[in-house]
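Peer 1: Dropping a structure here in structure tokens format, bear with me for questions.
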Amino acid sequence: MMKKLFLLFFPFFLISCQGYVQTERSPAEYVNPFVDTHKSRWFFFSSASRPFGMVNLSPDTNVEGSWKSGYMYDSTYVRCFSHVHAWQLSGIPVMPTVGDFKGHLGMEAYKSSFSHRGEVAVPGYHKLYLKDYDVWAELTSTCRVGMHRYTFPESDQSYILFDTGAFLAHADMDSSFVRKINDCEIEGMSLMAPTGRRPKATPIYFVARFNKRMSAFGGWRDSTVLNELTDISGKNIGVFARFETREREKIILKVAISYNSPEQARKNMDAELSDWDFDRVKKESFDEWDRELGKIRVEGGSEKQKIKFYTDLWHALLGRRIVNDIDGKYLDMTGDTPVTRQSPLDKKGNPWPHYNFDALWGSHWSLNILWSMVYPEVMDGFCNTMVSMYENGGLIPRGPSGGNYTYVMIGDPATSFFATAYNKGIRNYDVAKAYEGLRKNAFVGGIRDHAGYEHESPAFGGGMDYYVQQGWIPERIKAKGGHKDGCAMTLEYAYQDWCLAQLAANLEKWSDYELFMKRSQNYRNVWNPENKYMQPREMDGSWCKEFKPVGSEFGFTEANGAVYTHFVPHDMQGLIELFGGTDIYVERLNRQFVEGEKNGFKHDRYYTTWTAYTNQPGTGMAHLFNHAGYPWLTQKWVRKVKDAYGDITPYGGYEDDEDQGQMGALGVLMAIGLFEIDGGTSRYPVYEISTPIFSKVRIKLNPDYYDGEEFTLIANNNTPRNVYIQSARLNRKVHDKYWFSHQDFANGGTLVLELDSVPNKTWGL
């Protein structure tokens with residue numbers, strides 16, 4: 001029933017959220033934040049957030065667990081509005097209430113029911129009605145300051161709660177403190193307890209200001225109310241501000257955060273939000289999203305496709321968070337004690353952003369490609385973050401959280417990230433330090449040696465000693481940590497070695513180039529010629545008998561052998577030769593797609609699928625036909641996969657693991673018909689062509705990085721049936737290859753494709 005109601009009211013939502021009808025909406029107006037929120041994830045939904053914002057303010061319907069938490073569309077209660085929805089980070093829950101005080105009884109006591117009637121969520125803004133308290137809540141933000149506007153009923157018992165000791169998402173709060181500064185301002189801190197992924201307790205500081213004087217300020221410890229406080233500290237505490245309100249009176253609250261100190265939070269507020277103009281901030285937030293999303297403009301296609309496209313692009317700029325203050329100060333947690341450090345400065349004298357993010361694992365087929373094309377400055381910022389962590393802690397990270405190493409997932413995906421950046425001319429960071437750190441990671445003692453969440457040092461679960469000595473990693477390594485999947489690690493390390501070789505070549509480090517190119521062939525050491533699969537091996541070198549191509553994850557990371565057998569993005573011709581030639585390879589790959597289509601190309605918990613577009617290891621598979629001489633099959637299957645993930649309701653669209661923009665970025669690339677199977681890491685990067693779903697795509701180029709102003713793709717005769725490329729022209733010249741160079745892209749130009757419903761099996765060869 002709820003799904004039917006959403007579909008009924010959704011067109012009205014798209015119009016009413018801006019207050020007027022437009023025949024052609026702007027990019028941000030197409031975004032639907034509710035897509036696939038029925039089983040959300042803590043960092044998935046952040047409505048009142050800027051691109052990469054430190055503050056990610058949104059309603060929390062569920063607050064326990066990293067999964068199925070945050071905003072869940074079918075939940076019927078709001079428990080709080082919290083300010084941080086990030087990889088292993090959370091904090092500063094706020095809740096308005098009216099009537100008898102319940103703050104000391106916990107969220108289950110003071111939560112409020114709500115419905116979707118009248119609810120509005122667009123980029124940078126959220127509005128909903130709290131039924132239990134007759135309060136309308138509105139949220140917006142700058143990068144580092146959350147702004148709340150609560151419309152209260154008449155009452156002398158109107159409260160705003162700060163439940164600073166409450167459990168949020170990942171862990172308890174070890175402790176917190178709050179102090180009253182004056183009748184309009186408080187400050188405080190919550191200390192997030194360690195998790196199995198983020199190993200150290202991590203603080204988040206805040207300063208909160210009201211546009212009205214409090215009638216009273218108090219708090220609670222455990223279940224005891226404490227009135228007339230000036231400060232409070234400890235475990236399981238919280239505070240309240242009480243107000244006497246007139247009917248429909250609006251109280252505005254500003255909450256600035258910092259990971260360094262209350263003083264830094266105050267500095268962030270004073271710099272970013274010194275006034276109380278909620279509507280101006282709401283508009284500026286929306287306009288910022290519109291500018292960033294508008295760097296890709298599309299024409300043609302259906303309204304549904306445009307909604308999904310810009311929602312995908314929104315996710316690609318949403319999930320990973322800035323964690324430095326306005327002046328560039330950030331918290332380094334890589335050592336024994338926390339240290340406040342300073343971000344390096346860009347050419348204009350401004351500090352580079354310092355980021356918090358989940359693993360870059362798998363981003364070679366999503367964010368790396370999209371960001372390097374459209375947002376190269378973002379890649380520079382992430383590169384600076386990782387170089388700084390190397391200088392601070394001795395390792396380039398896989399996924400930092402609040403300045404901590406998390407050792408999330410496997411391998412060293414930063415290698416492909418840096419190779420893409422440098423080889424496309426994105427180089428505003430200490431290149432020598434970056435290469436030094438990446439080279440260290442490629443040997444024993446580097447980050448590859450840390451299996452998933454293996455925090456011990458020295459670490460062994462990543463198996464680098466085996467890899468260096470014998471060229472492959474066995475199963476059943478006796479070490480702590482997860483994802484000790486020898487076959488998967490061997491395949492991913494081989495690809496990362498090739499990426500490092502490409503970077504070494506462009507840096508003219510020729511001995512390293514030869515070393516890593518030789519190691520990049522290690523994928524052959526887990527190829528079983530008898531069954532034509534990549535197969536896990538025992539310590540003695542024999543093939544593991546538990547191996548099954550489908551129905552088991554054994555030996556592989558979040559995928560199965562059927563999917564990982566194709567994970568040789570750096571040497572597809574070598575893989576095809578192992579199969580016995582093009583025809584044999586294409587027959588296998590096509591059969592896997594035929595089977596995978598039966599369950600919507602979804603990864604499932606039993607690993608029974610033959611293709612998987614809901615988790616990272618298989619998300620390049622449809623583009624492999626290009627490399628086997630069958631571009632028309634890439635065009636066919638990319639479109640089928642894209643159509644399978646076109647849902648724009650709260651009940652589909654991503655289906656599983658939208659890892660901080662990775663699946664969104666993949667959706668964008670499929671929609672515009674460009675991809676790079678090697679992740680853009682080659683010495684001379686090229687873009688591979690599939691069929692855009694739009695008749696025209698215009699990509700604005702950043703003049704600080706690229707010479708051209710715009711790259712345009714035109715797809716003539718584009719209809720849902722016409723998915724096959726008949727011919728192409730690049731800058732008015734006949735183009736008969738399935739790829740073109742990054743240099744052609746960077747110079748700007750136009751690619752024109754002629755489409756039809758029947759494949760041209762000779763184009764692109």
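The values are calculated or read from the model by the stated rules, or taken from the named source; none is laboratory data. What you see is a predicted model; the values in this text were computed from it and never measured. Using ideal geometry, Cβ is built from the backbone for each residue, glycine included, and neighbour counts are taken over all protein chains shown.
Peer 1: Among 541, 555, which is the only one that is crowded, with 21+ Cβ neighbours inside 10 Å, assigned to a loop (DSSP other than H, G, I, E, B) and modelled with pLDDT of 95 or more?
Peer 2: Numbers: 541 fails: crowded, with 21+ Cβ neighbours inside 10 Å.
Result: 555 is the single residue among 541, 555 that is crowded, with 21+ Cβ neighbours inside 10 Å, assigned to a loop (DSSP other than H, G, I, E, B) and modelled with pLDDT of 95 or more.
Peer 1: List every residue pair whose Cβ atoms sit under 7 Å apart, with the two residues 6 or more apart in sequence or on different chains, where the first one lies in segment 658-682 and is within 13 Å of residue 362 (Cβ to Cβ) and the second, anywhere, is assigned to a helix (DSSP H, G or I) and hydroxyl-bearing (Ser, Thr, Tyr).
Peer 2: Going by the 7 Å Cβ cut-off, the qualifying pairs are 662/363; 679/416; 679/420.
Peer 1: Then there's this: Exactly one of these conditions fails for residue 634: (1) assigned to a helix (DSSP H, G or I); (2) hydroxyl-bearing (Ser, Thr, Tyr); (3) more than 26 Å from residue 741 (Cα to Cα). Give me its number.
Peer 2: The failed condition is (3).
Peer 1: Let me ask you something else. Tell me yes or no: at least one residue of segment 162-177 is in the same structural domain as residue 54 (by TED's automatic domain parsing), touching a strand residue (DSSP E or B) at 6+ places or on another chain (Cβ under 6 Å), polar (S, T, N, Q) and within 19 Å of residue 75 (Cα to Cα).
Peer 2: Looking through segment 162-177, none of the residues is in the same structural domain as residue 54 (by TED's automatic domain parsing), touching a strand residue (DSSP E or B) at 6+ places or on another chain (Cβ under 6 Å), polar (S, T, N, Q) and within 19 Å of residue 75 (Cα to Cα).
Peer 1: Which members of segment 48-71 meet the condition of being out of contact with any Cys (no Cβ under 9 Å at 6 or more places or on another chain), under 25 Å from residue 109 (Cα atoms) and crowded, with 21+ Cβ neighbours inside 10 Å?
Peer 2: 56, 57, 58, 61, 69, 70, 71
Peer 1: Can you pull out the strands (runs of 3 or more DSSP E) entirely within segment 694-751 that have at least 3 residues that are of a type outside the set (Lys, Arg) and out of contact with any Ser or Thr (no Cβ under 7 Å at 6 or more places or on another chain)?
Peer 2: Hits in segment 694-751: 710-716, 724-730, 739-741.
Peer 1: Right, something else. Restricted to segment 715-741, and to residues that are charged (D, E, K, R) and under 34 Å from the mean Cα position of the chain (by Cα), which residue is nearest to residue 685 (Cα to Cα)? Full working, then the answer.
Peer 2: Initially, segment 715-741 is screened for residues charged (D, E, K, R), giving 721, 729, 732-733, 736-737.
Filter once more, so that each one left must be under 34 Å from the mean Cα position of the chain (by Cα): 721, 737.
Numbers: 721: 31, 737: 15 Å.
Ranking the qualifying residues of segment 715-741, first place goes to 737.
Peer 1: If only one of 496, 502, 535, 521 is in contact with a Cys (Cβ under 7 Å, 6 or more places away or on another chain), among the polar types (S, T, N, Q) and in the same structural domain as residue 444 (by TED's automatic domain parsing), which one is it?
Peer 2: Values: 496 fails: in contact with a Cys (Cβ under 7 Å, 6 or more places away or on another chain); 502 fails: in contact with a Cys (Cβ under 7 Å, 6 or more places away or on another chain); 521 fails: in contact with a Cys (Cβ under 7 Å, 6 or more places away or on another chain).
From the options 496, 502, 535, 521, the qualifying one is 535.
Peer 1: Here's a check for you: in segment 591-638, which residue that is in contact (Cβ under 8 Å) with a residue 24 or more places away in the chain and among the small types (Gly, Ala, Ser) is farthest from residue 362 (Cα to Cα)?
Peer 2: 629
Peer 1: Can you list the helices (runs of 4 or more DSSP H) found entirely within segment 335-424 that contain at least 3 residues being at pLDDT 95 or above and more than 15 Å from residue 499 (Cα to Cα)?
Peer 2: Per the criteria, 367-374, 376-393.
Peer 1: Can you tell me which of 346, 358, 336 is surrounded by fewer than 24 Cβ atoms within 10 Å (Cβ to Cβ) and closer than 23 Å to residue 144 by Cα?
Peer 2: Sole residue among the options that is surrounded by fewer than 24 Cβ atoms within 10 Å (Cβ to Cβ) and closer than 23 Å to residue 144 by Cα: 346.
Peer 1: Of the conditions (1) within 19 Å of residue 586 (Cα to Cα); (2) touching a His at 6+ places or on another chain (Cβ under 9 Å); (3) part of a loop (DSSP other than H, G, I, E, B), residue 531 clears all except one; give me its number.
Peer 2: It fails just one condition, (2).
Peer 1: Related question: Testing residue 336 on (1) out of contact with any Gly (no Cβ under 8 Å at 6 or more places or on another chain); (2) touching a residue at least 40 places away in the same chain (Cβ under 8 Å), one condition comes back false. Which one is that?
Peer 2: Evaluating residue 336 over (1) out of contact with any Gly (no Cβ under 8 Å at 6 or more places or on another chain); (2) touching a residue at least 40 places away in the same chain (Cβ under 8 Å) leaves (2) as the failure.
Peer 1: So if I check each of 209, 197, which one is at pLDDT below 95 and either among the β-branched types (Val, Ile, Thr) or within 32 Å of the chain's Cα centre (by Cα) (or both)?
Peer 2: Among 209, 197, only 197 is at pLDDT below 95 and either among the β-branched types (Val, Ile, Thr) or within 32 Å of the chain's Cα centre (by Cα) (or both).
Peer 1: Separate question: Show the residue pairs that are 6+ apart or on different chains and have beta-carbon atoms under 7 Å apart, the first residue being within segment 60-74 and within 19 Å of residue 650 (Cα to Cα), the second being β-branched (Val, Ile, Thr) and outside any strand (DSSP E or B).
Peer 2: So the pair list comes out as 69/63; 71/37; 71/61; 72/37; 72/61; 73/37.
Condition check ((1) assigned by TED's automatic domain parsing to the domain that holds residue 568; (2) touching a Gly at 6+ places or on another chain (Cβ under 9 Å); (3) of a type in the set (Asp, Glu)) across all residues:
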{"position": "690", "(1), (2), (3)": "yes, yes, no"}
{"position": "694", "(1), (2), (3)": "yes, yes, no"}
{"position": "707", "(1), (2), (3)": "yes, yes, yes"}
{"position": "715", "(1), (2), (3)": "yes, yes, no"}
{"position": "727", "(1), (2), (3)": "yes, no, no"}
{"position": "730", "(1), (2), (3)": "yes, yes, no"}
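Peer 1: Here's something else I'd like to know. Take residue 516 and decide whether it is on the phi < 0 side of the Ramachandran plot, part of a helix (DSSP H, G or I) and either modelled with pLDDT of 95 or more or surrounded by fewer than 19 Cβ atoms within 10 Å (Cβ to Cβ) (or both). Can you show your working first?
Peer 2: On the way: on the phi < 0 side of the Ramachandran plot: yes; part of a helix (DSSP H, G or I): yes; either modelled with pLDDT of 95 or more or surrounded by fewer than 19 Cβ atoms within 10 Å (Cβ to Cβ) (or both): yes.
For residue 516, the condition - on the phi < 0 side of the Ramachandran plot, part of a helix (DSSP H, G or I) and either modelled with pLDDT of 95 or more or surrounded by fewer than 19 Cβ atoms within 10 Å (Cβ to Cβ) (or both) - is met.
Peer 1: So which residues in segment 95-121 are of a type in the set (A, V, I, L, M, F, W, C) and either outside the structural domain of residue 200 (by TED's automatic domain parsing) or surrounded by fewer than 24 Cβ atoms within 10 Å (Cβ to Cβ) (or both)?
Peer 2: Start the filter on segment 95-121 by keeping residues that are of a type in the set (A, V, I, L, M, F, W, C), which leaves 95, 98, 101, 105, 107, 109, 114, 120-121.
The answer is 98, 101, 105, 107, 109, 114, 120.
Peer 1: Another question, then. Out of 466, 523, I need the residue that is in a helix (DSSP H, G or I), hydroxyl-bearing (Ser, Thr, Tyr) and either touching a strand residue (DSSP E or B) at 6+ places or on another chain (Cβ under 9 Å) or within 17 Å of residue 413 (Cβ to Cβ) (or both). Which one?
Peer 2: 523
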